[in-house]
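First the structure, in the form of structure tokens, and then the observations on it.
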Amino acid sequence: MTAPSHNRPAARGLSGRHVLASMLAFFGVIVVADAIMIYNAVSTFGGVDNKNAYRDGLAYNARIASAARQAGLGWHDTAEIFKDPARVRVTMRDTAGQPLHGLSVEATLGRPATIRADTTLKLVEVAPGVFEAPVGGDIEGGSWIATVRAARAANADGEPEYRMRRRLWVEP
């Protein structure tokens, strides 16, 4: 004779409680991971790319006029960055390909994703139309951004006549 079935222990298997607990654990891990990534993203970048965005927007027509004046100059440039010794070189030429002499050239060198490493450099003319400045410290490999402003020495208002922004690469 066999024992009655109500005294027998229930078979262990996948029940609704197990499925519910598994799903809650799975989505709980995802929510925690997303919360950590959101916190890291928000805490490391404040969202402000330009501190004077409103004023720059108001002066947009002046910027368009400045770009038209710069295009009318017909100047051409090249920008280079060297690792040993660490320096930045900018070459400026006119429409005929002749070197531009006597310019006041200033550059800001930095990384594309942050302003922490930004350095402003005053470039000096080392050859006709060639302007260089040493960079304090070593240049690490990777991508750099050079923002260059150039003006003739006779420019009374100090506003640059020529602006350029170039992405430069240094071999690691």
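Every read-out reported here was derived from the displayed coordinates using simple, explicitly stated rules and does not represent laboratory data. All of these numbers come straight from a predicted model, not from anything done at the bench. Don't worry about glycine lacking a Cβ; one is built from the backbone with ideal geometry, like all the others, and counts go over all protein chains shown.
Within 10 Å of each residue's Cβ, count the other Cβ atoms and sort I139, I38 from fewest upward.
I38, I139
In the chain, which longest range has no trypsin sites (Lys or Arg not before Pro) that are both DSSP loop (not H, G, I, E or B) and surrounded by at most 12 other Cβ atoms within 10 Å?
Formally, the longest exposed-site-free interval is 52-115.
For segment 74-170, what is the convex hull volume of the alpha-carbon atoms per residue, in Å³?
Hull volume over Cα atoms, normalised by residue count, gives 98 Å³.
Roughly how many debye, to the nearest 20, is the charge dipole of segment 56-128 about its Cα centre, given +1 on each Lys and Arg Cβ, -1 on each Asp and Glu Cβ, and no other charges?
Value, rounded to 20: 140 debye.
Which residue, chosen from Y60, L109, A41, occupies the Cα position most advanced towards the positive end of the dipole of the chain, where the dipole is computed from +1 (Lys, Arg) and -1 (Asp, Glu) charges on Cβ about the Cα centre?
A41
Relative to the Cα centre, what is the charge dipole magnitude of segment 74-170, using +1 at the beta carbon of each Lys and Arg, -1 at the beta carbon of each Asp and Glu, and rounding to the nearest 20 debye?
The dipole of segment 74-170 has a size of about 240 debye.
Please report W144, W169, W75 as a ranked list, fewest other C-beta atoms within 10 angstrom at the top and most at the bottom.
W169, W75, W144
List V124, V90 from most exposed to least, where exposure is judged by having the fewest other Cβ atoms within 10 Å.
The fewest-first ordering by Cβ neighbours comes to V124, V90.
In nm, to one decimal, how far is the modelled label at L14 from the one at T147, with both set 7 Å along Cα→Cβ?
Rounded to a tenth, the inter-label distance reads 5.8 nm.
Could you give the size of the charge dipole of the chain about its Cα centre, using +1 on the Cβ of each K and R and -1 on the Cβ of each D and E, expressed in debye and rounded to the nearest 20?
Rounded to the nearest 20 debye, it is 820 debye.
Going by amide H atoms built from the backbone, whose H comes under 5 Å of the H on L121, apart from near neighbours?
Correct list: A107, T108, L109.
Set the Förster radius R0 to 45 Å, insert the Cβ-Cβ distance between T44 and D94 as r into 1/(1 + (r/R0)^6), and round the FRET efficiency to 0.05.
0.55
I need the per residue convex hull volume for the chain, using only the alpha carbons, in cubic angstrom as a whole number.
240 Å³
Can you find, among W144, M164, T120, the residue farthest towards the positive end of the dipole of segment 74-170? Put +1 on the C-beta of Lys and Arg, -1 on that of Asp and Glu.
W144
Give the calculated FRET efficiency between E80 and R55 to the nearest 0.05, with a Förster radius of 41 Å applied to their Cβ-Cβ distance.
0.80
Using label points projected 7 Å from each Cα along Cα→Cβ, tell me how many nm separate R166 and Q70, to one decimal.
Reported label-point gap for R166 and Q70 is 1.4 nm.
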